[in-house]
Amino acid sequence: MRDIEDFKIDLKSLNEDKTVKTFSLSDDFFEALDASEVRKGDLKVDLTIHRASNFFEFHFHTQGVVYVPCDLCLDDVELDIDSEDTLIVKLGDAYSEEDNHITVEEGEGILDTSWFVYEFIVLNIPIKRVHLPGECNTTMIEVLNQHSATRSGEGDGEETIDPRWSKLKEIKNNIKD
C-alpha cells in the first residue's frame, strides 16, 4: 500500500518563490484512499506551489488514465484524464474549505493534498461511463437485454406490463401520429 505521506505539504517550510513536486499515481494510491469511485489508474500529477507573503497558490496538472466500471456491462472502461486545477491556501486560526479556498491551521501548517488530487480526478470523469460501441462485454449485454425485454413485457413469458404503462404507450403513439 502506498504511503500517502508524500502528499502532505508543510506550508511553513516552502520557499518564498516557487516549489514544484511530481507525483505518480497508480492503483495503490486509490487503495490507500479507500475511495469507491476510482480504484485503478495510472496518472502523473505536476504540482506547482507559488508562495506569496500571506497565501499559497497550488496549481495541479493531472494527466493519465483511470479505470471505472462501465455503466452497461460493468467491465472496466479506460478514461483519459487531463485537468488543470487550482487551490488558494492560507494559514489561519482553524481549518476550513470554501470552494477552492483552503485555510490551514497555522499551528499545524500542513496540507494533505491527496484527497484534493482524488477529487480533481473524479470531477473530470464523465457522468456516463460506457465503452465505445461494440467494446462492451457481449455476454453481459445479452443478459441485460434479456432482463430488459422481460421487464417491458417483450419476453416469451406472460404479459406483465402494468396497465398504467399501456396507457402511457397509447398516449406516446398518439403523439407520434
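The values are calculated or read from the model by the stated rules, or taken from the named source; none is laboratory data. All of these numbers come straight from a predicted model, not from anything done at the bench. Reconstructed Cβ throughout: ideal geometry from the backbone, glycine too, with neighbour counts over all protein chains shown. What goes into the accessible areas is simple: the full protein's heavy atoms, side chains included, and nothing from ligands, DNA or RNA. Shrake-Rupley method; radii C 1.70, N 1.55, O 1.52, S 1.80 Å.
Of all residue pairs spaced 6 or more apart or on separate chains, those with beta-carbon atoms under 8 Å, a first member in segment 19-47 that is without any contact (Cβ under 8 Å) to a residue 60 or more places away in the chain and a second member that is among the aromatic types (Phe, Trp, Tyr) and part of a strand (DSSP E or B) are 39/67; 40/67; 44/23; 46/60. Scanning segment 50-66 for residues that are in contact with a helix residue (DSSP H, G or I) (Cβ under 9 Å, 6 or more places away or on another chain) and open to solvent by 70 Å² or more (accessible area, probe 1.4 Å) yields no hits at all.
Among strands (runs of 3 or more DSSP E) lying entirely in segment 6-54, which contain 2 or more residues that are closer than 30 Å to residue 75 by Cα?
Values: elements: 8-10, 18-25, 40-51.
Fully inside segment 6-54 and qualifying: 18-25, 40-51.
Residue-wise test of (1) within 30 Å of residue 74 (Cα to Cα); (2) modelled with pLDDT of 80 or more; (3) assigned to a helix (DSSP H, G or I).
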{"residue": "135", "(1), (2), (3)": "yes, yes, no"}
{"residue": "140", "(1), (2), (3)": "yes, yes, yes"}
{"residue": "143", "(1), (2), (3)": "yes, yes, yes"}
{"residue": "153", "(1), (2), (3)": "yes, no, no"}
{"residue": "156", "(1), (2), (3)": "yes, no, no"}
{"residue": "165", "(1), (2), (3)": "yes, yes, yes"}
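Might you check whether a residue that is open to solvent by 20 Å² or more (accessible area, probe 1.4 Å), farther than 26 Å from residue 109 by Cβ and outside any strand (DSSP E or B) occurs anywhere in segment 75-85? So far as segment 75-85 goes, yes, one or more of its residues are open to solvent by 20 Å² or more (accessible area, probe 1.4 Å), farther than 26 Å from residue 109 by Cβ and outside any strand (DSSP E or B).
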